[in-house]
Amino acid sequence: MALAQAGTTRIQLLAQAGQVIAPSAAAAPEAKADYTLRIGPVTVELDRSHIISTIGYNGTAPGPLLRMREGKPVTVEIINDTDTPEFVHWHGLLIPSGVDGTEEEGSPVVPPHGRQRVQFTPTPAGSRWYHSHAMAMDDLHKGAFTGQFGFLYVDPGNDPGHYDQELFLALRDWEPFFTGTMDDEDDDTHDGPLLEKPATMNTDPDGLEVGSMTYSINDKGLGSGEPIRVLEGQRLLIHFLNASAIENRRIALAGHKMKVIALDGNPVPTPQALDSIFIGAGERVDAIVEMNQPGVWILGSTEKPIRESGLGVVVEYAGQHRPLQWVDPPKARWDYTIFGAQTSSSPQPQQNIELIFEKIPGGAGKFNLWLVNGKPYPHEREFVLQQGTRYRLTMRNRTDDAHPMHLHRHLWELIEINGKKTAGILKDTVVVPYYGRAVVDFTADQPGLSLFHCHIQQHMDYGFKALLRYA
Ligand SMILES: [Cu+2]
């Protein structure tokens, strides 16, 4: 492909994910920051009848796409124009605790009407993102429920660029509310026996969870905003992000297969072309799509009510005036292991850490309480790592929800999902199936505090987190 030729389209499409900030472009003359993020009120016009008032970065939600070069140090100026203390977390980057934007790790707060400057060296290359790490508790106008999220792409030194268009698409829900009836897609996560189902169940009534009825991809609901315009024969590289504070999602591009080449920004050993893709909250999936089915199609949620409430975007081939089409993809279970290698080239773990997840229905007053190894956050000094040691985390999910579990500042390798073995898949977040099990290995090579938590904001706020520390 001709890079110069694709350039115009690329920038045009990036604009859908907020403005592109190139290094130095946004810094004030007196400040030498490479990037500036200003936290403040934004309005998001999902469509003509849904205009959301929330908090975002630089006047948009999603915030600007930040492109950084792997290994090249950057300075980011964060300005907080709100009355709320904030934290900007750099999800998926291997950077020190002090700049990770996480209160529990001791990162400094961005004070209300104050500013903060952070410096770090972005690594590894790939699709990362940034978002508020503030607690929300019972306030649905805080933390990840707001529009404070954006893509961060760390460019490798040598991008082969075998694609004609590059898109950054974030899945979102809006206008969250508390509800006693959650209907989610967690069934999708199961492909095997209920290995962790307790023999006796707590049958107390569940506390309130958070739901939504308004959705978008980036800042537009399905049918509003510009379609993704393609030419027959093009190859799209799509960077998907599930920026939801609430739920895991499954998406499909009607009429097309999407070839998954990277998970959480890290290339997978065995790319797979699939009819639909499951993305846990906080996860990223990179996919290549061959545009070989002329027509006008929907790319969106596989759940009809969610798609029809906004979670989708139109993909339109040039010169096509056919009606908009959706085709349900075949039902499938999500199975990370199909992207893996047969054997791992990593060292064997030296120590095992068991992590048992439990839910106390209504244990936090109106809400559920979430336990890691029998207690909610904070733990005392349970999880102390020795630098250089390779650890195996065995996550046992004894709850009826699938939880997208995230470890800050480290990459882990998937070893086993519900008893199925795999190797070579590097991630920072993994959806642990309901009543299921996930096993991951990682090397303790990032001294400092590291937060481990469920990426569902409410679960994290009500106990579902733990700090890993170094001896
Ligand atoms: Cu959770």
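Data overview
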read-out	value
Tally, over the stretch 376-393, of residues that are within 16 Å of the ligand (Cβ to nearest atom) and farther than 29 Å from residue 249 by Cβ	0
Filter result for residue 358 (assigned to a strand (DSSP E or B), touching a Leu at 6+ places or on another chain (Cβ under 8 Å) and of a type in the set (D, E, K, R))	yes
Residue match in the stretch 394-403 (condition: farther than 17 Å from residue 340 by Cβ, away from the ligand (no atom under 12 Å from the Cβ), of a type in the set (Ser, Thr, Tyr) and buried (at least 19 other Cβ atoms within 10 Å of the Cβ))	no
Segments classed as strands (runs of 3 or more DSSP E), wholly inside the stretch 265-322, with at least 3 members that are touching a residue at least 60 places away in the same chain (Cβ under 8 Å), under 29 Å from residue 427 (Cα atoms) and open to solvent by less than 10 Å² (accessible area, probe 1.4 Å)	296-301
Leading residue by the ranking (farthest from residue 433 (Cα to Cα)) among those in the stretch 218-261 that are open to solvent by 10 Å² or more (accessible area, probe 1.4 Å) and in a strand (DSSP E or B)	229
Which listed residue, of 412, 370, is touching a strand residue (DSSP E or B) at 6+ places or on another chain (Cβ under 7 Å), within 13 Å of the ligand (Cβ to nearest atom), modelled with pLDDT of 95 or more and aromatic (Phe, Trp, Tyr)	370
Only listed residue being over 23 Å from residue 52 (Cβ atoms), within 19 Å of the chain's Cα centre (by Cα) and of a type outside the set (D, E, K, R), chosen from 238, 246	238
From the options 455, 459, residue that is within 10 Å of the ligand (Cβ to nearest atom) and either open to solvent by 10 Å² or more (accessible area, probe 1.4 Å) or acidic (Asp, Glu) (or both)	455
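Results for (1) within 17 Å of residue 351 (Cα to Cα); (2) open to solvent by less than 10 Å² (accessible area, probe 1.4 Å), shown as yes or no for each residue.
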| residue | (1), (2) |
| --- | --- |
| 375 | no, no |
| 412 | yes, yes |
| 417 | no, no |
| 442 | yes, yes |
| 450 | no, yes |
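The values are calculated or read from the model by the stated rules, or taken from the named source; none is laboratory data. Nothing here was measured: the structure is a model prediction, and the numbers come from that model. Neighbour counts run over all protein chains shown; Cβ positions are idealised from the backbone, glycine included. Surface areas here come from the heavy atoms of the whole protein model, side chains and all, with no ligands, DNA or RNA. Shrake-Rupley method; radii C 1.70, N 1.55, O 1.52, S 1.80 Å.
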